[in-house]
Structure formats: structure tokens, C-alpha cells
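The values are calculated or read from the model by the stated rules, or taken from the named source; none is laboratory data. Quick caveat: nothing in here was measured; it's all calculated off a predicted structure. Virtual Cβ from ideal backbone geometry, glycine too; neighbours counted across all protein chains shown. Accessible surface areas use protein heavy atoms only, side chains included; no ligands, DNA or RNA. Shrake-Rupley method; radii C 1.70, N 1.55, O 1.52, S 1.80 Å.
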Amino acid sequence: MSHQEQQEQEIEALEAIYSEEEIQVLSREYPTIELSIELKSNQYEDPTDDDFDVTLGIEFPEKYPDEIPIITLSGIEDAFTEERIAEAIEKLKAVAEENLGMVMVFAIVSALQDEIGELVEVKKQAKEAKVEIEKEKKEAESRKKFEGTIVTPESFRAWKEKFDLERKAEVDAAEKERLANLAGRLTGRQLFLRDATLNLSDVTLIGAQDEVEIDESLFDNEELEGLDLDSDEDEE
């Protein structure tokens, strides 16, 4: 049987095995026969957020099945790393090598189903690891809050300087508020002691007494005779 006949018969057998939703023949023209088969990670249970679909691409070379087909996997790029996908493809190629000389797509699909089981476990472990990391992160934050910040001489000095400045500002503000509240209730003595300008005003008044002048025209001569007036004539 020729390579072309083997390839065409295998396509017919695969279409009988898989449903129209699962298999799609992209090209039937020999020697460029190409197909894809879609597999689900969860076929029997209720759907979950962790489910994924993977598409197996198969491209027959001219001398298939005496040469292994070109194998690709798609649809899982967001769920797994490139390295993990490449590893899965290598496993499928190894199965193809084992079946060299025989039609092998069904064997490759079966191997992929087994690999999907491993991929599901990988995704599950990755999810659990993420949850564990988040848990450890929260626990570390809680321990940090409980333990507080380690005090060093430098950090204590900086804190003390800041504390003193804040304390002085509070005391000054409280004193200003106290004086403002007492402003309307101060006694004369308190005002005198508080306002230095009052002291200066008294001194000014005392000094002004020496400079008082008397207008003699306002008095009779008889009235002036009884007054002891300082004058330049008395001094003489």
C-alpha cells in the first residue's frame, strides 16, 4: 500500500472515531494532509475554572508513516510555560518514533490524553503553590507588625529629635491658647508684668514732672507771694 493510500485511510478511520467537534481535517490533498484534534482536560465532571482545551496539530510528511508527522500543541499557552509545552511535544514525538512504519495518530492522541492528566496535576500544584506563597506573605506581614521595627542608635536618635520638635510645638501651641483665653481676665498687675510698655509709660510720666511750666498770669500777685517758685533770681 502506498503512503498516500495509508494516509487517506487513516483520515477516514479517525473521522469515524472522533466527533465533528473533536476532529478537523484542514487539508486532504496528498502530500499535504493536515488535521487537528481537540481534547479537553475535563470531559466527565462539571466545568471548573481550571479546565483547559488543547489542540493537537498533525501534518503528514510525504512518506508518512515511514516518517513521523509534524506535531504541534496549541490553546494552552496561557496555562503552561513554553518549556512545559515543548516537553509534552517531545513525549509525543517519542511515541511516534516507537510506532514508525504504522499509522500512529491514534497512539499519539492516547499519549496526549495521558499527558493532559500530568498537565492538570502541574496546574493544580502551581495553584496550590501560589496560595501557599500568598499565605506565607500574609503571615510574614503579621509577624512584622507584631515584632515591630528593630531600633538602632541612629533610628532612635532620629525619632527622639522628631519627638522633641513635635512636643515643643504642642507646648508652644498650648501656651498661646492659654494666654489667649486669659487675655480678657488679666489683673492690672498681670498686665503690667506682661506688657513692658506699661513700665516705660510710668517712667515717662515721672520724668515729665520736672518739665511742667506754670503760667503766672493765671494767678494774682498775692497768691504768688505764698508760692515758693524756683527761679534764676532766687538762685542768685
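Taking the range 47-93, which residues are within 13 Å of E115 (Cα to Cα) and more than 41 Å from the chain's Cα centre (by Cα)?
Residues satisfying the conditions are L92, K93.
Quick check on this structure: which one of A129, A88 is without any contact (Cβ under 8 Å) to a residue 40 or more places away in the chain, more than 27 Å from E67 (Cβ to Cβ) and open to solvent by less than 80 Å² (accessible area, probe 1.4 Å)?
Exactly one of A129, A88 is without any contact (Cβ under 8 Å) to a residue 40 or more places away in the chain, more than 27 Å from E67 (Cβ to Cβ) and open to solvent by less than 80 Å² (accessible area, probe 1.4 Å), namely A129.
Only one residue in E38, E34, E67, E62 is assigned by the TED database to the domain that holds N99, at pLDDT 95 or above, open to solvent by 60 Å² or more (accessible area, probe 1.4 Å) and within 22 Å of R84 (Cα to Cα), so which one is that?
Of E38, E34, E67, E62, the one residue that is assigned by the TED database to the domain that holds N99, at pLDDT 95 or above, open to solvent by 60 Å² or more (accessible area, probe 1.4 Å) and within 22 Å of R84 (Cα to Cα) is E38.
Which condition breaks for G101 when tested against (1) more than 24 Å from S2 (Cβ to Cβ); (2) over 31 Å from the mean Cα position of the chain (by Cα); (3) not β-branched (V, I, T)?
So G101 meets the others, but not (1).
I'm told E141 meets every condition in (1) open to solvent by 70 Å² or more (accessible area, probe 1.4 Å); (2) closer than 26 Å to Q6 by Cα except one. Can you identify the failing condition by its number?
The single condition E141 does not satisfy is (2).
In the list I37, I89, I68, I76, which residue meets the criterion of being assigned to a loop (DSSP other than H, G, I, E, B), β-branched (V, I, T) and more than 21 Å from M1 (Cα to Cα)?
I76
Taking the range 92-109 as the region of interest, how many residues are assigned to a helix (DSSP H, G or I) and either surrounded by 11 or more Cβ atoms within 10 Å (Cβ to Cβ) or touching a helix residue (DSSP H, G or I) at 6+ places or on another chain (Cβ under 8 Å) (or both)?
Final tally of qualifying residues: 11.
Which residue out of L182, L198 is among the aliphatic types (A, V, I, L, M), in contact with a helix residue (DSSP H, G or I) (Cβ under 9 Å, 6 or more places away or on another chain) and modelled with pLDDT under 55?
Matching residue, one of L182, L198: L198.
Answer yes or no: is there a residue in the range 116-125 that is closer than 28 Å to E8 by Cα and open to solvent by 50 Å² or more (accessible area, probe 1.4 Å).
no
Could we say that K162 is loosely packed, with under 10 Cβ neighbours inside 10 Å and among the basic types (K, R) here?
Answer is no for this residue.
For the range 72-81, indicate whether the set of residues that are open to solvent by less than 30 Å² (accessible area, probe 1.4 Å) and of a type in the set (G, A, S) is non-empty.
no
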